[in-house]
Amino acid sequence: MVNKPKAKGTFAETTVVNYLRGNGFPYAERRTLKGAKDRGDVAGCPGLCFEVKYAGMNLKISAWLGETDVESLNDGADYGILVVKPLGLGERSVASWYAVMTSEYFDKLVQAVQFLEEYPIIHDGEPTTYSAKALRWQLNSATRNLGPNEVMALTLRPPNTKDNPQGWYRVTTLEHMVKLLRFVGYGDPLPLVEASTNTSPGL
């Protein structure tokens, strides 16, 4: 009998690995679980820990981010990235799957971007109350019509974190997350397109 949850997880991990291989991380591969300490679902991306989830009706982002943080520590990674396959988006839409970071990790990435001689323009959305139903629409609207050197991330506030910014998280698409990571030096270099008259990140 086929283990459906395991098959879904394998599908999601394989799809993400194939996307990474074709977009600057040629050595990405599914990680074989060894020992008690999980180190994430993807190997071959030094400094990065990817946790991949196949989501159904419910998005358990806060809990999944907790897993990602633990796995990042186990792996000694610089950054932990949660990738979520949302309901209704299949293999052909993998670039639009959700990529999520804790605020701590994302702020660290932004600081790295600011030290680049040439850098992408980062549009950081205003903090909004988390809504699983609205998230797909919000991301589609936020990332539409952006240039090759522009990255968009929404700031979402889980319940009961209004006055605790470190409990917030940033969510974008896998495409935008990979672009940002490559800008900062992970994976193969990503050629920068000449920006307009902007001289600083759009934070």
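Key figures
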| quantity | calculated |
| --- | --- |
| Some residue of region 116-132 being hydrophobic (A, V, I, L, M, F, W, C), surrounded by fewer than 17 Cβ atoms within 10 Å (Cβ to Cβ) and modelled with pLDDT of 80 or more | no |
| Out of Val70, Val83, sole residue that is closer than 22 Å to Leu33 by Cα, at pLDDT below 95 and among the β-branched types (Val, Ile, Thr) | Val70 |
| Test for Ser141: is it surrounded by fewer than 20 Cβ atoms within 10 Å (Cβ to Cβ) and at pLDDT 95 or above | no |
| Answer residue from region 46-66, given it is in a loop (DSSP other than H, G, I, E, B) and of a type outside the set (A, V, I, L, M, F, W, C) and is nearest to Val94 (Cα to Cα) among those | Gly56 |
| The one condition in (1) free of Cβ contacts under 8 Å to residues at least 60 places away in the same chain; (2) surrounded by fewer than 20 Cβ atoms within 10 Å (Cβ to Cβ); (3) closer than 20 Å to Glu91 by Cα; (4) touching a Gly at 6+ places or on another chain (Cβ under 6 Å) that Asp69 fails to fulfil | (3) |
| In region 9-45, the residues that are small (Gly, Ala, Ser), within 20 Å of Lys85 (Cα to Cα), assigned to a loop (DSSP other than H, G, I, E, B) and at pLDDT below 95 | Gly40 |
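The values are calculated or read from the model by the stated rules, or taken from the named source; none is laboratory data. All values derive from a computational prediction rather than experimental measurement. Here the Cβ is made from the backbone with ideal geometry for all residues, glycine too, and neighbour counts use every protein chain on show.
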